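Novice: Got a structure for you, questions after.
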Amino acid sequence: MFQHICNGDKDFCNLFDGKWVEASSGKYLTILSPVDGLLVGRVPAMSREDVDRAIQNTKESQPVWAATPIHERASVFYKAADLLEEHADEIAAVLTMEIAKDRRSAWFEVKRTADFLRYTADAGKSMAGEAISGDNFPGGSKNKISYVSRVPLGTVLAISPFNYPINLSASKIAPALIGGNAVLLKPASQGAISALYLADILQEAGLPKGVLNTITGKGSEIGDYIVTHPGVNFINFTGSTAVGKHIAKEAGMVPLMLELGGKDAAIVLSDADLEFAAQTIISGAYAYAGQRCTAVKRILATGAVADRLISKLLSGIAKLKVGDPREDATIVPLINEKAADFVMELIGDAKQKGAKILTGGKREGNLIQPTLVDNVTTDMRLAWEEPFGPVLPILRVRDEQEAINIANRSEYGLQSSVFTKNIHDAFYIANRLEVGTVQINNKTERGPDHFPFLGVKASGMGTQGVKYAIEAMTRPKAIVFNLQDNGTVHHEGPIRGEE
Ligand code: NAP
Ligand code: G3H
């Protein structure tokens, strides 16, 4: 097991045509742990030639895979799910050191991925086409029938972010593969080692060679080359809005799914259960030190509500464990120095413009104390920018309408929460929020993974969620039967074999 560890115990290889290979240049990227700064391992820095070979290989393998019955494709996922669960502790330990995710969340990411693989296999087996009669449309006839099935697109390029290297790789790979596509996975460099474990497991579970290949290397160096490669038929990207927008410009006419950044608002109304709202918002804002696209990234409440909420938030924040993800801290070191610099910059800007730091605001290396900032106003960067760190701003609003206006002024539109006991108010606000999903009385979050998950505006395009992702990475193919009145097929040209 684990053949991707291919050169000593710290050098990892890429999956190519069923084999584990180094970069043709022999070069590696060094992956250091955000936890202790020590070496986690090295992954190959693949070259453009390696990319060409990997994509060409998917082209050769995909038709056979597409011709494989879906129930046989599905069997690979059931086996892979079992293997993931069998090795969950081991893989979670790798995640913990590579991306500083606390042990419990890392283990849950692996378990969630196993569930995702099984559900995708089931959904794939339930995929059905349709037959449409011509007479449904004015002037049409019952003698015209469109038989519509779904066919794969070809090679899907999956690009995943650092914060869910296993789950957000699988949520692209599995729906693409069950739909009959081949996949080239380009994981985030910090997270690549974890993602290669997933590839290894899929390979071990019986995926035919060349149906899934992996390419590691810096996005800034090989990214443009991959996304503009003529062999790519669909790009499924999760990551920052900046890189997503860049890919959209580069990619030309290749269809895209983009899951990008967010600035999810929690709108808290005066009748909400404030104890519950505070606890839920804390877990939404600070889990994995706020490094989730769906983290609660601002609170919108009237002054009276904010005053009552703050003491509850502060007592909850004081209980958060800060430090080492191996000891299940919630507030863990951020992924790198640059990320921590950025969060501190946003806090500094808010402070300098008159916001009040209620707790936190301090940093030790990449570790930033959980920070709650009151009196954040719309001239401050913290009101609008995504920190991807453990800082939560409170914007005091006049009323519900101002909360809706400020929520919608954001360039992002991933999710929002509304906390209230009044279902009418909840729906009034939910209907007016320009986001993919509104959570009523819950934190913003992606799962369960069969729900549609999408962002609008700068938060993305296209919809994840098992069924939606399979549909996005397949297309309808229509074959139209034109029958004659006596029931025989109308055919004006020579019949095959009689030419
Ligand atoms: P990122 O810096 O945008 O990187 C995402 C992926 O893109 C990585 O694999 C990266 O590779 C690659 N990449 C970088 N430049 C590229 C280029 N020119 N062409 C092609 N690929 C390129 O994002 P991140 O820091 O990993 O993740 C954090 C961001 O992702 C946050 O903004 C967060 O909100 C967002 N996110 C959104 C969702 C969602 O579902 N909406 C989920 C998770 C995260 P390298 O690592 O080698 O640079
Ligand atoms: O980081 C973005 C992920 O899609 C968030 O997923 O809400 O399950 O943490 P999550």
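Listed here are the residues, each with its yes/no results for (1) over 16 Å from Pro161 (Cα atoms); (2) in contact with a Leu (Cβ under 8 Å, 6 or more places away or on another chain); (3) in contact (Cβ under 8 Å) with a residue 24 or more places away in the chain; (4) within 16 Å of ligand 2 (Cβ to nearest atom).
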| residue | (1), (2), (3), (4) |
| --- | --- |
| Gly239 | no, yes, yes, yes |
| Ala242 | no, no, no, yes |
| Lys249 | yes, no, no, no |
| Ala285 | yes, yes, yes, yes |
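For every residue, the table says whether it meets (1) within 23 Å of Leu95 (Cα to Cα); (2) more than 16 Å from ligand 2 (Cβ to nearest atom).
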{"residue": "Arg118", "(1), (2)": "yes, yes"}
{"residue": "Lys125", "(1), (2)": "no, yes"}
{"residue": "Ile132", "(1), (2)": "no, yes"}
{"residue": "Gly140", "(1), (2)": "no, yes"}
{"residue": "Asn143", "(1), (2)": "no, yes"}
{"residue": "Tyr147", "(1), (2)": "no, yes"}
{"residue": "Val151", "(1), (2)": "no, yes"}
{"residue": "Gly154", "(1), (2)": "no, yes"}
{"residue": "Tyr164", "(1), (2)": "yes, no"}
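Novice: Counting just the residues of the stretch 402-425 that are crowded, with 19+ Cβ neighbours inside 10 Å and of a type in the set (A, V, I, L, M), which one comes out nearest to ligand 1 (Cβ to nearest atom)?
Specialist: Leu414
Novice: Now a separate question. What's the number of the only condition in (1) more than 26 Å from Thr474 (Cβ to Cβ); (2) β-branched (Val, Ile, Thr); (3) part of a strand (DSSP E or B); (4) within 13 Å of ligand 1 (Cβ to nearest atom) that Thr294 fails to meet?
Specialist: (3)
Novice: Scan the stretch 201-230 residue by residue and report those that are in contact with a strand residue (DSSP E or B) (Cβ under 6 Å, 6 or more places away or on another chain) and small (Gly, Ala, Ser).
Specialist: Across the stretch 201-230, there are no qualifying residues.
Novice: Let me ask something else. Please go through the stretch 42-75 and give me each residue that is of a type in the set (Ser, Thr, Tyr) and assigned to a helix (DSSP H, G or I), ordered by number.
Specialist: Step one: list which residues in the stretch 42-75 are of a type in the set (Ser, Thr, Tyr), which gives 47, 58, 61, 68, 75.
The answer is Thr58, Ser61, Ser75.
Novice: Every residue in the stretch 452-478 that is without any contact (Cβ under 8 Å) to a residue 24 or more places away in the chain and part of a strand (DSSP E or B), please.
Specialist: Let us first name the residues in the stretch 452-478 that are without any contact (Cβ under 8 Å) to a residue 24 or more places away in the chain, namely 452, 465, 468.
If the condition is that a residue be without any contact (Cβ under 8 Å) to a residue 24 or more places away in the chain and part of a strand (DSSP E or B), then no residue fits.
Novice: Moving on. May I ask you to say which residue of Val64, Val76, Val51 is closer than 21 Å to Val156 by Cα, surrounded by fewer than 15 Cβ atoms within 10 Å (Cβ to Cβ), touching a residue at least 40 places away in the same chain (Cβ under 8 Å) and hydrophobic (A, V, I, L, M, F, W, C)?
Specialist: Working: Val76 fails: surrounded by fewer than 15 Cβ atoms within 10 Å (Cβ to Cβ); Val51 fails: surrounded by fewer than 15 Cβ atoms within 10 Å (Cβ to Cβ).
Result of the check over Val64, Val76, Val51: Val64.
Novice: Between Leu157, Leu153, which is modelled with pLDDT of 95 or more, within 23 Å of the chain's Cα centre (by Cα) and within 16 Å of ligand 1 (Cβ to nearest atom)? Outline the logic, then answer.
Specialist: Values: Leu153 fails: within 16 Å of ligand 1 (Cβ to nearest atom).
Result: Leu157 is the single residue among Leu157, Leu153 that is modelled with pLDDT of 95 or more, within 23 Å of the chain's Cα centre (by Cα) and within 16 Å of ligand 1 (Cβ to nearest atom).
Novice: Just one of Ile166, Ile173 is more than 12 Å from ligand 1 (Cβ to nearest atom), within 22 Å of Pro34 (Cβ to Cβ), within 14 Å of the chain's Cα centre (by Cα) and assigned by TED's automatic domain parsing to the domain that holds Gly223; which is it?
Specialist: On the way: Ile173 fails: within 22 Å of Pro34 (Cβ to Cβ).
The match here is Ile166.
Novice: With respect to Ala188, is the statement that it is without any contact (Cβ under 8 Å) to a residue 60 or more places away in the chain, within 18 Å of Ala54 (Cα to Cα) and either charged (D, E, K, R) or assigned by TED's automatic domain parsing to the domain that holds Asn163 (or both) true? Please lay out each step first, then the result.
Specialist: Values: without any contact (Cβ under 8 Å) to a residue 60 or more places away in the chain: yes; within 18 Å of Ala54 (Cα to Cα): yes; either charged (D, E, K, R) or assigned by TED's automatic domain parsing to the domain that holds Asn163 (or both): yes.
Against the criterion (without any contact (Cβ under 8 Å) to a residue 60 or more places away in the chain, within 18 Å of Ala54 (Cα to Cα) and either charged (D, E, K, R) or assigned by TED's automatic domain parsing to the domain that holds Asn163 (or both)), Ala188 qualifies.
Novice: Kindly indicate whether Gly140 is surrounded by fewer than 21 Cβ atoms within 10 Å (Cβ to Cβ), assigned by TED's automatic domain parsing to the domain that holds Ala81 and more than 16 Å from ligand 1 (Cβ to nearest atom). I'd like the intermediate steps shown before the answer.
Specialist: On the way: surrounded by fewer than 21 Cβ atoms within 10 Å (Cβ to Cβ): yes; assigned by TED's automatic domain parsing to the domain that holds Ala81: yes; more than 16 Å from ligand 1 (Cβ to nearest atom): yes.
In short, yes.
Novice: In this structure, does Ala188 turn out to be outside any strand (DSSP E or B) and either more than 8 Å from ligand 1 (Cβ to nearest atom) or more than 18 Å from the chain's Cα centre (by Cα) (or both)? Quick ask: steps written out before the conclusion?
Specialist: On the way: outside any strand (DSSP E or B): yes; either more than 8 Å from ligand 1 (Cβ to nearest atom) or more than 18 Å from the chain's Cα centre (by Cα) (or both): no.
In short, no.
Novice: How many residues does the stretch 408-451 hold that are over 22 Å from Ser171 (Cβ atoms) and in a loop (DSSP other than H, G, I, E, B)?
Specialist: Selection size over the stretch 408-451: 8.
The values are calculated or read from the model by the stated rules, or taken from the named source; none is laboratory data. Just so you know, these numbers come straight off a predicted model, no measurement behind them. Don't worry about glycine lacking a Cβ; one is built from the backbone with ideal geometry, like all the others, and counts go over all protein chains shown.
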